[in-house]
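Below is one structure, written out as structure tokens; the observations come after it.
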There are 2 protein chains.
Amino acid sequence: MQIAILSFFHYFTKMFKNRESILEVEEGNLLSPKFNDEGLIPVITTDFKSGEVLMHGYMNEEALKKTIETKEAYYWSRSRKILWHKGKTSGFVQKVIELRVDDDQDAIWMSVDIGDGASCHVGYRSCFYRSIPLGAVKDTTQIKIKFKEKEKKFDPKKIYKGQPNPTKL
Amino acid sequence: MQIAILSFFHYFTKMFKNRESILEVEEGNLLSPKFNDEGLIPVITTDFKSGEVLMHGYMNEEALKKTIETKEAYYWSRSRKILWHKGKTSGFVQKVIELRVDDDQDAIWMSVDIGDGASCHVGYRSCFYRSIPLGAVKDTTQIKIKFKEKEKKFDPKKIYKGQPNPTKL
């Protein structure tokens, strides 16, 4: 019952500024992010040194607020349906160097420091460890992707033992 | 009627490989992207030289196939509901240098060459031209964001004259 009341209350509470005009959203200087129908905003996470894209995730209002305030990356885990302090299990916390918002304020770019760590639950440094070849395609069901990272940074079986894999078919 | 039949046909046609196992999706070497309930996959677009994030967009199956085959960026425009050859109006075509897919194959990272051009309909080089300050927040409805790009690369009023603004409140 307590959970139901909290959820009900949360549904009608908007944490950030209302979006009142397109001019204000695009050219203004107040943060008024747009969360989608599920209450989420997509987040691009890049390595502040190399510029490589580490992951693509989502934040809800609370995750965005906690990220701003703590300077560590929080996401909304869509598979586990919880607020997710990245690195709490693996130790690979993401320290936020810079946070940016896009023109229509419906996406976040987060530049982070992960040292020599990793950001991918499969064990690679970046989640984007495979490349799609470009050019003419004979059969779209047989496009071979190539591994760009040669070695895993950690063994996910050791780090996440007993936990379900977040990947969904 | 023709449109209805085509849409119906398209609904039951899957262009890319079926997702048969989590191991195959994560560690395999065949492209089997996951499109969401709207038939879209999120795309992170970065500048291949500077590594800066230029934009966050979406592709449907057709946009992904055309991007792979033509080596120019195609997106699905959610506001206009059309296949969108980026740069067709503005002239700022994105030449694809590399295309990557993430661990669970539900996001795309596209590294592009836009020369000295721009990728943002507001006129800036990157859509992420404003930065969110980090640290304690007194009032979440009054978070001031700072412009990181000083000058627009083009005047959107001249380039997009008469066209509706894609930003939605």
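Structure summary
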{"quantity": "Test result for B:Ala73, crowded, with 21+ Cβ neighbours inside 10 Å, closer than 30 Å to A:Pro166 by Cα and under 17 Å from the mean Cα position of the chain (by Cα)", "calculated": "yes"}
{"quantity": "Selection status of B:Gly87, assigned to a loop (DSSP other than H, G, I, E, B), open to solvent by less than 50 Å² (accessible area, probe 1.4 Å), more than 13 Å from chain A (Cβ to nearest Cβ) and at pLDDT below 95", "calculated": "yes"}
{"quantity": "Any hit, the range B:106-114, residues being more than 13 Å from every other protein chain (Cβ to nearest Cβ) and at pLDDT 95 or above", "calculated": "yes"}
{"quantity": "The range B:140-157, subset free of Cβ contacts under 8 Å to residues at least 12 places away in the same chain and open to solvent by 100 Å² or more (accessible area, probe 1.4 Å), residue farthest from B:Thr89 (Cα to Cα)", "calculated": "B:Gln142"}
{"quantity": "Check on A:Ile159, of a type in the set (A, V, I, L, M) and more than 7 Å from chain B (Cβ to nearest Cβ)", "calculated": "yes"}
{"quantity": "Test for B:Ile108: is it buried (at least 19 other Cβ atoms within 10 Å of the Cβ), under 20 Å from A:Glu24 (Cα atoms) and out of contact with any Phe, Trp or Tyr (no Cβ under 6 Å at 6 or more places or on another chain)", "calculated": "no"}
{"quantity": "Meets criteria (at pLDDT 95 or above, open to solvent by 50 Å² or more (accessible area, probe 1.4 Å) and β-branched (Val, Ile, Thr)) for A:Thr45", "calculated": "no"}
{"quantity": "Extreme residue, nearest to the other protein chains (Cβ to nearest Cβ), among residues of the range A:22-42 that are open to solvent by 30 Å² or more (accessible area, probe 1.4 Å) and in a helix (DSSP H, G or I)", "calculated": "A:Ile22"}
{"quantity": "In the range B:117-134, the residues that are open to solvent by 10 Å² or more (accessible area, probe 1.4 Å) and either without any contact (Cβ under 8 Å) to a residue 40 or more places away in the chain or farther than 15 Å from B:Pro156 by Cα (or both)", "calculated": "B:Tyr124, B:Ser131, B:Pro133, B:Leu134"}
{"quantity": "Criterion: touching a strand residue (DSSP E or B) at 6+ places or on another chain (Cβ under 9 Å), more than 8 Å from chain A (Cβ to nearest Cβ) and under 30 Å from A:Thr167 (Cα atoms) - qualifying residue of B:Arg125, B:Arg78", "calculated": "B:Arg78"}
{"quantity": "Scope the range A:48-67; condition touching a strand residue (DSSP E or B) at 6+ places or on another chain (Cβ under 8 Å), more than 19 Å from A:Tyr124 (Cα to Cα) and either polar (S, T, N, Q) or open to solvent by less than 50 Å² (accessible area, probe 1.4 Å) (or both); matching residues", "calculated": "A:Tyr58, A:Met59, A:Asn60, A:Ala63, A:Leu64, A:Thr67"}
{"quantity": "Hey, A:Gly117 at positive phi and more than 10 Å from every other protein chain (Cβ to nearest Cβ) or not", "calculated": "no"}
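Residue-by-condition table, conditions (1) in contact (Cβ under 8 Å) with a residue 40 or more places away in the chain; (2) over 17 Å from B:Thr46 (Cβ atoms):
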residue	(1), (2)
A:Leu30	no, yes
A:Leu54	yes, no
A:Lys66	no, yes
A:Asp106	yes, yes
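The values are calculated or read from the model by the stated rules, or taken from the named source; none is laboratory data. From a predicted model like this one, the values you see are computed outputs, not experimental measurements. Glycine also receives a Cβ, built like all others from the backbone with ideal geometry; neighbour counts cover every protein chain displayed. When the accessible area is computed, the model is the full protein with side chains, heavy atoms only, and any ligands, DNA or RNA have been set aside. Shrake-Rupley method; radii C 1.70, N 1.55, O 1.52, S 1.80 Å.
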